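What follows is a short report on a single structure.
The values are calculated or read from the model by the stated rules, or taken from the named source; none is laboratory data. No experiment lies behind these values; they were computed from the predicted model shown. Neighbour counts run over all protein chains shown; Cβ positions are idealised from the backbone, glycine included.
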Amino acid sequence: MKNVYFPLFVCVVILSACGAPSSVSTMEGMTSTPEPVSSLTFTPLPASTSSFIPTATAEPAEFSPVLYGGKLFDTTSFLLLGGVSADVWLAPETSVTRFSGEATYALHNMEYADKYFLWGRAPELSPTCKTYFVGIDAGLEEAGFVATLEGWKVAKRDVTELSVDNPIYQQSVEDWLVEEGVANPVVEDLRILRVDIEGDGVDEVFLSAHHFADESGHMTEAGDYSIILMRKVAGSDVATLGIVNDVYRSSEPEMTFPVTYSLANFIDLNQDGNLEVVVEMDRWEGFGAAIYQINGREVIETLKAFCAS
């Protein structure tokens, strides 16, 4: 894996409003319906004249913020999801007291750790939506990066994308939806990823799927859903866990501005040897991300941020 180093300019954007979707289920069988959120406008500030060229030689860090840059239209503004120190997850409000000033960030995507090292500013708080962000003039033609401070140790393992034509996994999604009360579920936009998150030589399989009868991104009705599931070997059985899921049951169309969940990364951020699951959240003119930790059959949402534009 080849690191790329850029001379960078700093860009901070102001978020005029943002909101978070309603809380999502972190245990199998629970569902939620996200509420509409307010909007925000991105307004870039003048770029810095800094010509600093970051390097990958920093001393190991004792703390790192965790950032996420999702949408290609805004690769200069990374959401602050929170932070991590030792094996402790920290809320954004706590994290901002642990770092300040300009710093170098390592960017990690699905394939690579430390793919880029980029220069960024101190965290800024939107005065209207109370969400922190870090301006990074990435200049990238791609998105979907988790960012940590240079020197923070992360770990990854190979991720394999499987064919969606596999009837076993299609049936797994259908069976799970039926158990959630969806009659005659429509399995659409299925994605299947295989990765060993525990490092024990036994792969887990992650399934994401969503279906919305209304394609405008505004309305939902009975049978609509967006889910991410994990199939995990448990002794002689295979358990299916709901990582995050929204299942809609209203018989009449409702304006809910639904969130679509997608698998964005598998990465060990807290240095415990297990990979966390990074989920991107997209909705009508909005996006965000969340970090999930899996302990056996327990799914824990550790960090999360969401903004709408």
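Checking each residue in segment 227-253 for being farther than 16 Å from Val173 by Cα and aliphatic (A, V, I, L, M) picks out Val233, Ala234. Just so you know, in segment 246-266 the residues that are within 11 Å of the chain's Cα centre (by Cα) and not aromatic (Phe, Trp, Tyr) include one that is surrounded by the most Cβ atoms within 10 Å (Cβ to Cβ), and it is Asn265.
Being in a strand (DSSP E or B), in contact with a Lys or Arg (Cβ under 7 Å, 6 or more places away or on another chain) and under 21 Å from Asn109 (Cβ atoms) is the requirement here; does Leu241 meet it? Before the answer, list the steps.
Numbers: in a strand (DSSP E or B): yes; in contact with a Lys or Arg (Cβ under 7 Å, 6 or more places away or on another chain): yes; under 21 Å from Asn109 (Cβ atoms): no.
Criteria not met by Leu241.
Name the single residue that is nearest to Leu80 (Cα to Cα) among those in segment 106-116 being more than 16 Å from the chain's Cα centre (by Cα) and surrounded by 22 or more Cβ atoms within 10 Å (Cβ to Cβ). Among residues in segment 106-116 that are more than 16 Å from the chain's Cα centre (by Cα) and surrounded by 22 or more Cβ atoms within 10 Å (Cβ to Cβ), the one nearest to Leu80 (Cα to Cα) is Ala106.
This table checks each residue for (1) within 30 Å of Glu111 (Cβ to Cβ); (2) modelled with pLDDT under 95.
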{"position": "Asn166", "(1), (2)": "yes, yes"}
{"position": "His211", "(1), (2)": "yes, no"}
{"position": "Leu229", "(1), (2)": "yes, no"}
{"position": "Glu252", "(1), (2)": "no, yes"}
{"position": "Val259", "(1), (2)": "yes, no"}
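The residues listed here are Asp214, Asp246; of these, the one that is assigned to a loop (DSSP other than H, G, I, E, B) and of a type in the set (Asp, Glu) is Asp214. Going through (1) surrounded by fewer than 16 Cβ atoms within 10 Å (Cβ to Cβ); (2) aliphatic (A, V, I, L, M); (3) modelled with pLDDT of 95 or more one by one, Ala239 falls short only on (3).
Summed over segment 127-178, residues that are touching a residue at least 40 places away in the same chain (Cβ under 8 Å), farther than 26 Å from Trp89 by Cβ and small (Gly, Ala, Ser) total 2.
Across segment 263-286, the qualifying residues are those that are part of a strand (DSSP E or B) and of a type in the set (Asp, Glu), and the one among them that is nearest to Phe212 (Cα to Cα) is Asp282. Annotation: of all residues in segment 155-186 being among the small types (Gly, Ala, Ser) and not in a helix (DSSP H, G or I), the one that is farthest from Val277 (Cα to Cα) is Ala183.
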